[in-house]
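The values are calculated or read from the model by the stated rules, or taken from the named source; none is laboratory data. Predicted, not measured: the structure shown is a model, and the values here were computed from it. Ideal geometry is used to build each Cβ from the backbone, glycine not excepted, and the neighbour counts take in all protein chains shown. What goes into the accessible areas is simple: the full protein's heavy atoms, side chains included, and nothing from ligands, DNA or RNA. Shrake-Rupley method; radii C 1.70, N 1.55, O 1.52, S 1.80 Å.
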Amino acid sequence: MSPSHPDPAHLSDPSTVPLPEDEVVELCSDLIRIDTSNYGDQDGPGERLAAEHVAALLDEVGIESRLYEPEPGRTSLVAHWGGTGDGATHPDGALLLHGHLDVVPAAAEDWQVHPFSGEVRDGYVWGRGAVDMKDFDAMLLSVVRHRQRTGRVPARPIVLCLTADEEAGGHRGAQVLVEQHRDELEGVTEAVGEVGGFSATVRGRRVYLIEAAEKGMAWMRLTARGRAGHGSMLNPDNAVSRLAGAVARIGAHEWPVRLTPAMEVLLASVGELAGTPATPENAASLVEEFGGAARMLGAVISNTANPTMLQAGYKVNVIPTEATAHVDGRFLPGFEDEFFATLAELVGEGVEIEHLSHQQPWETPYEGRLVDAMTRSLLAEDPDALVAPYLMSGGTDAKHFRRLGPQVRSYGFAPLRLPADLDFTALFHGVDERVPVDALRFGARVLDRFLDDAAG
């Protein structure tokens, strides 16, 4: 029997099977307790234990999965679920549901609770990964497990993919799957992952943000070289001075406002609530309507470049030969040429630019069956809300999965109904990362409805 379909031994009386919303909190806590910190190099525990844990949860309900490990411990999981089981092609193609298992590091001494405790306190699940993104992993597992055990298997083929290394660019995770195991992703036409589906409150109205685009990523190392010498002597060929000038110009530059299609739609929706049309001139003020979320949304109405690391010298009275800086650049869909031309001007002569990771931006039209399914599933649980697309400031594995072909449409949809006073975007990679228990349960219900509509 195909692993996509439940063996009778795995079927249960629906009345005795925990609902997704009843299991999702425990699943989330358990995943958080598995430390999958990604330091961006060979250090860290890797994702192997988490991938094996997920594989066991799927195996328990009769879904077979495969683990891929390009380097020791850096493990991704793929499972196939749903479809007819006879090899027939579904008219809509396969739907990819993807999350990642790794998290950024956390210093326990900075937290109110241990970051890998998965503690439930004050109505929240606390821990590293609670919002990025073991919450969605738990929602997905809770829904899949319930539907499999009760025989509610989607007619549409589903590819479940939980990856390694997303927090360091996905080069040991999603990129490996796309480049070396593309057969596992055969037939995928649409993909859903992070970051979207969460609510922000604008003038008393909840607005759910669906990710329909991402900025491109340019992680760069700047290197200036000069003449070494004694710190007490004149030296016009000083690598530190040259580099510092470039870094200062980049950090001080004000990039012009550029509105992409997704942000035009979002700001028009907010403009209606605020009683003003959305224009490039008032885009920044409309973004401020989102409160704490403006930290992220303010970064997606222009290109950005932030200096993040500096290194030079080894003694106070020695002028070094070389100085380096790292810059995190993010550029809007359609504005890559403008970004790199401006950056070259800011850097100036005598500073070399080396790309450590260069990933393209993307934008998916905000229309079609998948968008309708996301909207209906949210409004079924929160009828008075608004639903609109937005452009994501960071990067996700969607950049890799979109390389499967131009037909792949990607969205970020990890649904959460959040308290109006929660500064949610500050929790991404932040201290005391946590997710409301009610939001997790809400997300499981919405995701279950979404699969009825998008994959039924």
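When you go through (1) within 16 Å of Ser302 (Cβ to Cβ); (2) open to solvent by less than 20 Å² (accessible area, probe 1.4 Å); (3) of a type in the set (Asp, Glu) one by one for Glu338, which number turns out not to apply?
With respect to (1) within 16 Å of Ser302 (Cβ to Cβ); (2) open to solvent by less than 20 Å² (accessible area, probe 1.4 Å); (3) of a type in the set (Asp, Glu), Glu338 is out only on (2).
Which of the residues spanning the range 52-82 are closer than 19 Å to Asp397 by Cβ and among the charged types (D, E, K, R)?
Residues satisfying the conditions are Arg66, Glu69, Glu71, Arg74.
Here is a check on your reading of the model: is Gly394 surrounded by fewer than 22 Cβ atoms within 10 Å (Cβ to Cβ) and over 17 Å from Ile210 (Cβ atoms)? If you could, list the steps in order and put the result at the bottom.
Details: surrounded by fewer than 22 Cβ atoms within 10 Å (Cβ to Cβ): yes; over 17 Å from Ile210 (Cβ atoms): no.
No.
Working only within the range 282-331, note down all residues that are over 29 Å from Thr396 (Cβ atoms) and aliphatic (A, V, I, L, M).
Ala312, Val316, Val318, Ile319, Ala323
Among the residues of the range 203-226 satisfying the criterion of being farther than 17 Å from Ala380 by Cα and hydrophobic (A, V, I, L, M, F, W, C), which is surrounded by the most Cβ atoms within 10 Å (Cβ to Cβ)?
So, considering only residues that are farther than 17 Å from Ala380 by Cα and hydrophobic (A, V, I, L, M, F, W, C), the one surrounded by the most Cβ atoms within 10 Å (Cβ to Cβ) is Ala212.
Considering only residues that are under 19 Å from the mean Cα position of the chain (by Cα) and of a type in the set (Asp, Glu), look in the range 406-456 and name the one that is least open to solvent (accessible area, probe 1.4 Å).
This residue is Glu433.
Kindly provide the set of residues from the range 303-318 that are over 20 Å from Ala262 (Cβ atoms) and either assigned to a helix (DSSP H, G or I) or open to solvent by less than 20 Å² (accessible area, probe 1.4 Å) (or both), ordered by number.
Once the filter is applied, which keeps residues that are over 20 Å from Ala262 (Cβ atoms) and either assigned to a helix (DSSP H, G or I) or open to solvent by less than 20 Å² (accessible area, probe 1.4 Å) (or both), the range 303-318 yields only Ala305.
From the set of residues in the range 115-157 that are free of Cβ contacts under 8 Å to residues at least 12 places away in the same chain and either part of a loop (DSSP other than H, G, I, E, B) or among the hydroxyl-bearing types (Ser, Thr, Tyr) (or both), which is least open to solvent (accessible area, probe 1.4 Å)?
Out of the qualifying residues, it is Arg152.
Does the range 370-385 contain at least one residue that is under 30 Å from Leu222 (Cβ atoms), among the acidic types (Asp, Glu) and surrounded by fewer than 21 Cβ atoms within 10 Å (Cβ to Cβ)?
Taking the range 370-385 first, the residues under 30 Å from Leu222 (Cβ atoms) are none.
The answer is no; no qualifying residue exists.
Can you name the helices (runs of 4 or more DSSP H) wholly within the range 236-302 that have at least 2 residues being open to solvent by 50 Å² or more (accessible area, probe 1.4 Å)?
On the way: elements: 239-252, 261-274, 283-288, 294-297.
So the answer is 239-252, 261-274, 283-288.
Scan the range 47-81 for residues that are part of a loop (DSSP other than H, G, I, E, B) and open to solvent by 10 Å² or more (accessible area, probe 1.4 Å) and jot them down.
Gly62, Glu64, Pro72, Gly73
Would you please name the residue that is farthest from the chain's Cα centre (by Cα), looking only at residues in the range 102-114 that are touching a residue at least 40 places away in the same chain (Cβ under 8 Å) and outside any loop (DSSP other than H, G, I, E, B)?
So the residue we want is Asp110.
Tell me the strands (runs of 3 or more DSSP E) entirely within the range 158-202 that contain at least 2 residues that are in contact with a His (Cβ under 6 Å, 6 or more places away or on another chain) and either open to solvent by less than 10 Å² (accessible area, probe 1.4 Å) or more than 30 Å from Ala420 (Cβ to Cβ) (or both).
Fully inside the range 158-202 and qualifying: 158-163.
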